[in-house]
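The values are calculated or read from the model by the stated rules, or taken from the named source; none is laboratory data. It should be emphasised that the depicted structure is a prediction, and the values quoted were computed from it without experimental measurement. Please note: Cβ atoms are built from the backbone with ideal geometry, for glycine as well, and neighbour counts cover all protein chains shown.
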Amino acid sequence: MDHRIRSLSEYTQAYDKSVENPEEFWGEIASSFQWKKKWDDVLNWNFKGPDVKWFINGKLNITENALDRHLETRGDQVAILWEPNDPNEPHQEITFQQLHEKVCQFSNAMKNNGVGKGDRVIIYMPMVPEAAVAMLACARIGAIHSVVFAGFSANALADRINDCGAKMVLTSDGNFRGAKTIEVKSVVDEALEKTSTVEKVIVFQRTRTEVTMKEGRDIWWHEAIDGVSSENEAEEMDSEDLLFILYTSGSTGQPKGVVHTCGGYMVYTYYSFLNVFQYGEGDIYWCTADIGWITGHSYIVYGPLLAGATTMMFEGVPTYPDAGRFWHACDKHQVNQFYTAPTAIRALEAHGLEPLEPYKLDSLKVIGSVGEPINEEAWHWYHLNVGKGNCPLVDTWWQTETGGIMISALAGVTPVKPAHASLPLPGIQPIIVNSEGNELTGKNVEGNLCIKFPWPSILRTTYGDHERCRQTYFSAYENLYFTGDGVKRDHDGYLRILGRVDDVINVSGHRMGTAEVENAIDEHPKVIESAVVGYPHDIKGQGIYAYIIAEADGIEDEIRKTVTELIGPIAKPDKIQLVSGLPKTRSGKIMRRILRKIASGDVSNLGDTSTLLNPEIVEELKSGKV
Ligand code: PRX
């Protein structure tokens, strides 16, 4: 583990070197991997295109580095430790050797079913080890995976299949989540009625739910691998060949397919994993995310396996069979690093301390947080009751687009400060700008968070629409990547993320575009117009508040159903207020500032409303607040 930084002075040294000589810095880290052919140049970039390339003309396969490379030294070490939804069902321990065999075998099975390099494959699966096998098998044969969170609706799934023109879908019969069994295959069937590119569907049997299998299209996973060889030569990939597409919401339009490529993503997820969590030989690391999100990609599958770590995967939910499940699993498997989301912490905090009492939690060395700002109260609760006051709590800020953790303490190496993501990782050059794009230097400043230099796992494009990528991230400020987040640099020089400054809301750590939710609401036949904003929510961080002009009363539940059908339950408005109008400027733009204030119950100072076309509507909105 040569690239692990072990002291504050080593951090400073590494950081300075990464800024002064980024190519040498990253070239050295990349050299520790197996390349089929070494790169010619480390980096070539401009943010105008944008056009960013790392490890140019290097050839590799990421799975050789996540699997084959470890076989000699750690073939018998557990790679994936799987804890099922039901604590009474046996857990699974899959060694690097076994994982390698499974991935090779499934790679061959996919090839036998007509998928090869460059083809897009949708993965719509529960949190079972086969989901990781599916991702790695795609990477091994050079197919581009796009994992879709298995809570998305058939419509949302169809949109993603169509956007990337997927040839294959990997799925399961059903999904165990807490006390519920959720249908999965039937959702895929419905989605496939709206798509025309998918030729084969491979179905993993998990719940034994009855499903229909379409002749010629659908194959059971166990039949697809039956008798298939577990030897497979990994495809040679260019550093900049696509590794995966992951759809995420933005402030406008449909979700976009964020593209990550093989070489840079490999180097950065490995390096950030090792350093943020300070993973040591023999440790058990657990990230509670779902592989449907970037956190699951980078810090359940790729980062840990590249670092030769034992990574735990959990199928269930934090409150099943009771609110002590996380702590039960930590003790049972002697977890050393535990990484979860503030929304889970707040939900568990609401159950009090009793669920924690039976557990020791004495194996924990590092605890982490990701996905949304962690409020100080939740930070202290987590630090004190889970970390017992002596585990460094790393608050990790990053995004689907950044591929890896950007701003975070390195556990036990750099200081932590409650509710602060703190300092950038080596290689990351954040700057704060005001709305005119001028850099705000010094301490005690607040503004928009941008990054001024590329890092290896920066997104390369948005699939099929490069101009959208440029517009969204590289056009607000010249020569800067704009994150969409507000940030404060405090008097100690530590960074605190303040949340989104665009029309994106963060519900339980899930990103939702307000426009996307509005479009879904507007599909209800009785809806004339809608406006969606976020409001502070005790557990979810932000809740979804929808103001709706409709032709009928009492249709709130129907509207929620429409949104669930079009996107999924995570996009369902928490509050719906039926209104007779929306506050609009003379040019017809909805004044969201007013809607946000009313939704958050902060009506003392609504600012200047005299420029509204319909100022009288404000009183109605205030008095009808739900
Ligand atoms: O607003 C920031 C918030 O989540 C957004 C990125 O969401 P997504 O692409 O879904 O990735 C989530 C997991 C990496 C960011 O723009 N966010 C993420 N982590 C933090 C955070 N906000 C505050 N603190 C964090 N640690």
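Filtering segment 217-256 down to residues that are free of Cβ contacts under 8 Å to residues at least 24 places away in the same chain and under 20 Å from Gln98 (Cα atoms), which residue is surrounded by the fewest Cβ atoms within 10 Å (Cβ to Cβ)?
Step by step, filter segment 217-256, then rank; the result is Gly227.
Can you go through Val121, Val133, Val52, Val128 and tell me which one is out of contact with any strand residue (DSSP E or B) (no Cβ under 8 Å at 6 or more places or on another chain), assigned by TED's automatic domain parsing to the domain that holds Val259, modelled with pLDDT of 95 or more and buried (at least 20 other Cβ atoms within 10 Å of the Cβ)?
Val133
Among Asn448, Asn479, which is the only one that is over 24 Å from Phe149 (Cβ atoms), part of a loop (DSSP other than H, G, I, E, B) and either of a type outside the set (Lys, Arg) or within 16 Å of the ligand (Cβ to nearest atom) (or both)?
Testing whether each residue is over 24 Å from Phe149 (Cβ atoms), part of a loop (DSSP other than H, G, I, E, B) and either of a type outside the set (Lys, Arg) or within 16 Å of the ligand (Cβ to nearest atom) (or both) leaves just Asn479.
Go through segment 297-389 and tell me which strands (runs of 3 or more DSSP E), entirely inside it, have 2 or more residues that are within 15 Å of the ligand (Cβ to nearest atom) and not assigned by TED's automatic domain parsing to the domain that holds Val416.
By residue number, 337-340, 366-370.
Determine, yes or no, whether Ile521 is β-branched (Val, Ile, Thr) and either within 28 Å of Tyr545 (Cβ to Cβ) or surrounded by 21 or more Cβ atoms within 10 Å (Cβ to Cβ) (or both).
Answer is yes for this residue.
Yes or no: segment 500-518 includes at least one residue that is more than 16 Å from the ligand (Cβ to nearest atom), outside the structural domain of Ser408 (by TED's automatic domain parsing) and either modelled with pLDDT of 95 or more or not aromatic (Phe, Trp, Tyr) (or both).
Within segment 500-518, one or more residues are more than 16 Å from the ligand (Cβ to nearest atom), outside the structural domain of Ser408 (by TED's automatic domain parsing) and either modelled with pLDDT of 95 or more or not aromatic (Phe, Trp, Tyr) (or both).
If you take the residues of segment 28-61 that are aliphatic (A, V, I, L, M) and part of a helix (DSSP H, G or I), which of them is nearest to Arg140 (Cα to Cα)?
Ranking the candidates gives Ala30 first.
Within segment 573-591, can one find any residue that is surrounded by 15 or more Cβ atoms within 10 Å (Cβ to Cβ), at negative phi and assigned to a helix (DSSP H, G or I)?
Scanning segment 573-591, I find no residue that is surrounded by 15 or more Cβ atoms within 10 Å (Cβ to Cβ), at negative phi and assigned to a helix (DSSP H, G or I), so the answer is no.
May I ask you to list pairs of residues, at least six apart or on different chains, whose Cβ atoms are under 9 Å apart, with the first in segment 46-65 being within 30 Å of Leu99 (Cα to Cα) and the second being surrounded by 15 or more Cβ atoms within 10 Å (Cβ to Cβ) and of a type in the set (Lys, Arg)?
As it stands, the answer is Asn61/Arg140; Ile62/Arg140; Thr63/Arg140; Glu64/Arg140, since those pairs meet every condition given.
For the condition farther than 30 Å from Gly174 by Cα and touching a residue at least 60 places away in the same chain (Cβ under 8 Å), what is the one hit in Asp68, Asp76?
Asp68
Would you check which residues across segment 469-486 are more than 20 Å from the chain's Cα centre (by Cα) and in contact (Cβ under 8 Å) with a residue 12 or more places away in the chain and list them?
Arg470, Phe474, Ala476, Tyr477, Glu478, Asn479, Leu480, listed by residue number.
So is Ala411 crowded, with 17+ Cβ neighbours inside 10 Å and away from the ligand (no atom under 14 Å from the Cβ) or not?
Spelling it out, Ala411 is indeed crowded, with 17+ Cβ neighbours inside 10 Å and away from the ligand (no atom under 14 Å from the Cβ).
Take Leu606 and tell me if it is more than 21 Å from Glu518 (Cα to Cα), of a type outside the set (Ser, Thr, Tyr), surrounded by 15 or more Cβ atoms within 10 Å (Cβ to Cβ) and assigned by TED's automatic domain parsing to the domain that holds Glu556.
Yes: the conditions hold for Leu606.
So in segment 426-438, with the set limited to residues that are under 27 Å from the mean Cα position of the chain (by Cα) and more than 13 Å from the ligand (Cβ to nearest atom), which one is farthest from Met406 (Cα to Cα)?
Going through the qualifying residues, I end up with Val433.
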